[in-house]
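Input: a single structure, listed below in structure tokens.
The values are calculated or read from the model by the stated rules, or taken from the named source; none is laboratory data. Quantities reported herein were computed from a predicted structural model and do not represent experimental measurements. Glycine also receives a Cβ, built like all others from the backbone with ideal geometry; neighbour counts cover every protein chain displayed.
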Amino acid sequence: MKKIKKILITAVLLLSLTVVFITPAQAATGAPKNIIIMVGDGMGFNQVLAADYYLYGKAGANPFGDFPVQLAMSTNSLGDDPGPGDDAAQVYSPTLYGRFDEWCTNVTESSAAATALSTGEKCANPSIAVAPDGRLLRHMSEDFEEIGKSTGVVTSVPITHATPAGFVAHNAKRSAYADIAREMILSSAADVILGCGHPLYNDDNTLVEEPNYGYIPEDLWIDMADGEIMGADANGDGSPDPWTFIETKEQFEALLAGPVPDRVLGVAQVYQTLQCLRVVDDWSKPAYTTPFNTGVPTLETMTKGALRVLSKNPNGFFLMVEGGAQDWAGHYNQPGRLIEEQEDFYNTVQAVIDWVEANSSWDETLLIVTADHETGLLSGAEGILSPVVNNGKGVMPTMYFHVGTTYGIPWHSNQLVPFYAKGAGAELFLAVADQYDPYRGWYLDNTELSVVIRELCGIKNTKWQDVLAAKKLGLVPVGLENYADGITREDFCRLAYELLHRVAGTEIIAPVFPTDMDPFTDYTAYVSYKVFTLYKLGIIKGVSDNRFAPDKILTREEAATILGRIAEHLNVQIPSTRVSFNDASSISPWAADAVGDMAALGIMTGTGGGNFSPRAPYTGYQAILTMLRMYNAAK
Ligand SMILES: [Zn+2]
């Protein structure tokens, strides 16, 4: 029973500080036991399409092509050099779709992208889980260690490179490899770290005369090389736990059968990438024409080994697997190597799927396949907006890179990247992905991945489950966005219309598409029939001078008034109990009854501290939640 002791000790300490502490027992029901995130570094939509065409002759035949959740994701970071406290990320904008300048300036680096995925917060490009003001950002892996799960990272590039480091370490500079190695190996509670960065080998899996300690410092290497190095406490018993160190192909393959160590640090006998940078003179040749390095494991083998080590923990695990070298192929504009790397990544995804189905289940494991950003601005022949072109299975697709070494233009792009999920809680991503891109459809931001996972695991309740429940009931109209901000009168009416429609089970009244928007002089939008219907039912009224003021933000007491009329229309029984708010005297007389009724129903609660805050804006999230509660009260 790993980690239980640590939980108890930590719980006692935290309770004495009266901090709310979450144990696994408090985690949400249906919480995933195992969480696996697979990141194709630089894997945009066209990288997936190119590999699908080459490997299968058609789109979507890859191992994740049938996942039930398929979305897009935005990746923008805080930029290269934000000032302290500057947290205004450049935001992805669908309206600038396909503009070269928009896509290729101020792009994220892998370090900031991994930070966003792992911590839920944006940072500057050179940083790994450190905010511009120096604050250390908390990784999901730290949360998972605290609730007793094992954690690990696997990559096809150096173990200290941006993505694996971005899920474990904290450093203002991603290039501080020695310090990052020390944190990952000597200080972190990770249980598995597998990848490249071997100081004694080159990219061709050949011994070098002079060691290269670029990714792992010499002092650490000397300690690792005898097969064991002491790390920090990983299993929660309060004492340091040694790493079993492996490096040969045979040692990696030995993880696939028989007993495995509790903690494994593996560095394959190659410097930067398992395969991508081998025989550099050859690398513009077509895929699969240059023999592979033979003395290194595949990403698939490393991942299968990691799963065997991590799944020893009965509390479950968190694993990040990076196909790291798609990005390198993109940087150097090498289509052949890109296809090879995509195939290794696909094989690894398939191995994880097979592991879930043989050793776990989709009810207890959540699998996410996504990317940190796109690399190379890959497209077809018709410019940057065109998809790569299928030339049949086994034939290179028609594909062009538009940034990278060939062009002397830095390499990543701001395009949305693909996002796939399957398994325990995956559908919650459908609620969080509330922004719409005309080309790629619904998308989430990379900071929202950890929001969903933390909510599913009971680490932090962000209430997205409520939004998902309301969406499933059909209560949330398409296009309602920005749930955190004040809701407009028009959007509130659209929500209210859906509620009445769903409760009635049919159209409330025959839709009216009025040619004259009697009685409002300022309202002619296409959806006006919803507003007009609510007006006809006596549920909404104008503001003054025959105006509806569709864009005006609704206050809490205005919302209560409209909700009161909806409750009356639906014959919802109002309890006679009254809630006394501290700020009751500031509620407008015309709203007082409705506020009292909604509070008695539990449909609108206060804003904290015993207050109702009548003039505060009513947020989109609160509006959805109240519609959900009203729906349940009316049913
Ligand atoms: Zn990257």
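Given the criteria more than 16 Å from the ligand (Cβ to nearest atom) and not charged (D, E, K, R), does residue 126 qualify?
No; evaluated as a whole, the condition is false for this residue.
For residue 164, state whether it is more than 16 Å from the ligand (Cβ to nearest atom) and in the same structural domain as residue 298 (by TED's automatic domain parsing).
no
Here's the yes/no breakdown for (1) in the same structural domain as residue 326 (by TED's automatic domain parsing); (2) β-branched (Val, Ile, Thr); (3) touching a residue at least 24 places away in the same chain (Cβ under 8 Å):
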site	(1), (2), (3)
231	yes, no, yes
237	yes, no, yes
242	yes, no, no
283	yes, no, yes
296	yes, yes, yes
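Right, residue 391: of a type outside the set (Asp, Glu) and touching a Ser or Thr at 6+ places or on another chain (Cβ under 7 Å) or not?
In short, yes.
Quick grid of which residues meet (1) farther than 24 Å from residue 464 by Cα; (2) touching a residue at least 12 places away in the same chain (Cβ under 8 Å); (3) assigned to a helix (DSSP H, G or I); (4) assigned by TED's automatic domain parsing to the domain that holds residue 563:
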residue: 579; (1), (2), (3), (4): yes, yes, no, yes
residue: 585; (1), (2), (3), (4): yes, no, yes, yes
residue: 600; (1), (2), (3), (4): yes, yes, yes, yes
residue: 621; (1), (2), (3), (4): no, yes, yes, yes
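State the number of residues belonging to segment 343-389 that are touching a residue at least 24 places away in the same chain (Cβ under 8 Å), in a helix (DSSP H, G or I) and not charged (D, E, K, R).
12
Can you tell which of 166, 195 is within 16 Å of residue 306 (Cβ to Cβ), touching a strand residue (DSSP E or B) at 6+ places or on another chain (Cβ under 8 Å) and modelled with pLDDT of 95 or more?
The unique qualifying residue is 195.
Give me the pairs: first residue in segment 317-332 and within 15 Å of residue 203 (Cα to Cα) and more than 10 Å from the ligand (Cβ to nearest atom), second residue among the hydroxyl-bearing types (Ser, Thr, Tyr) and in a helix (DSSP H, G or I), beta-carbon distance under 8 Å, and six or more apart or on different chains, which are they?
Sorted first by the residue in segment 317-332, then by its partner, the list stays empty.
Any idea which of 189, 254 is surrounded by fewer than 17 Cβ atoms within 10 Å (Cβ to Cβ), away from the ligand (no atom under 16 Å from the Cβ) and more than 25 Å from residue 40 (Cβ to Cβ)?
None of the others qualify; the one that does is 254.
Can you name every one of the strands (runs of 3 or more DSSP E) wholly within segment 410-512 that holds 1 or more residues which are of a type in the set (Asp, Glu)?
Those strands (runs of 3 or more DSSP E) span 435-437, 441-445.
Being touching a Phe, Trp or Tyr at 6+ places or on another chain (Cβ under 8 Å), within 16 Å of the ligand (Cβ to nearest atom) and of a type outside the set (Phe, Trp, Tyr), is that true of even one residue in segment 140-154?
Among the residues of segment 140-154, at least one is touching a Phe, Trp or Tyr at 6+ places or on another chain (Cβ under 8 Å), within 16 Å of the ligand (Cβ to nearest atom) and of a type outside the set (Phe, Trp, Tyr), which makes the answer yes.
Within segment 32-65, track down each residue that is part of a helix (DSSP H, G or I), within 16 Å of the ligand (Cβ to nearest atom) and aliphatic (A, V, I, L, M).
48, the sole residue that qualifies.
How many residues does segment 254-310 hold that are of a type outside the set (D, E, K, R) and in a loop (DSSP other than H, G, I, E, B)?
31
Being crowded, with 19+ Cβ neighbours inside 10 Å and either of a type in the set (D, E, K, R) or away from the ligand (no atom under 16 Å from the Cβ) (or both) is the filter here; which residues of segment 369-384 pass it?
372, 374, 379, 380, 384
Is there any pair with a first residue in segment 100-127 that is touching a residue at least 40 places away in the same chain (Cβ under 8 Å) and of a type outside the set (S, T, N, Q) and a second that is part of a helix (DSSP H, G or I) and within 13 Å of the ligand (Cβ to nearest atom) whose Cβ atoms are under 6 Å apart and which are 6 or more apart or on different chains, and what are they?
114/162; 114/163; 122/116; 123/112; 123/115
Just one of 174, 138, 182 is over 20 Å from the mean Cα position of the chain (by Cα) and either surrounded by fewer than 21 Cβ atoms within 10 Å (Cβ to Cβ) or part of a helix (DSSP H, G or I) (or both); which is it?
182
Which condition does residue 236 not pass, out of (1) under 29 Å from residue 279 (Cβ atoms); (2) in contact with a Lys or Arg (Cβ under 7 Å, 6 or more places away or on another chain), if it passes all the others?
(1)
Name the residues in segment 90-119 that are in a loop (DSSP other than H, G, I, E, B), within 16 Å of the ligand (Cβ to nearest atom) and not hydrophobic (A, V, I, L, M, F, W, C), would you?
106, 108, 109
Within segment 321-338, work out how many residues are over 19 Å from residue 409 (Cβ atoms) and buried (at least 24 other Cβ atoms within 10 Å of the Cβ).
Count: 6.
Which of the residues that make up segment 141-151 are surrounded by fewer than 23 Cβ atoms within 10 Å (Cβ to Cβ) and charged (D, E, K, R)?
Those that are surrounded by fewer than 23 Cβ atoms within 10 Å (Cβ to Cβ) and charged (D, E, K, R): 142, 143, 146.
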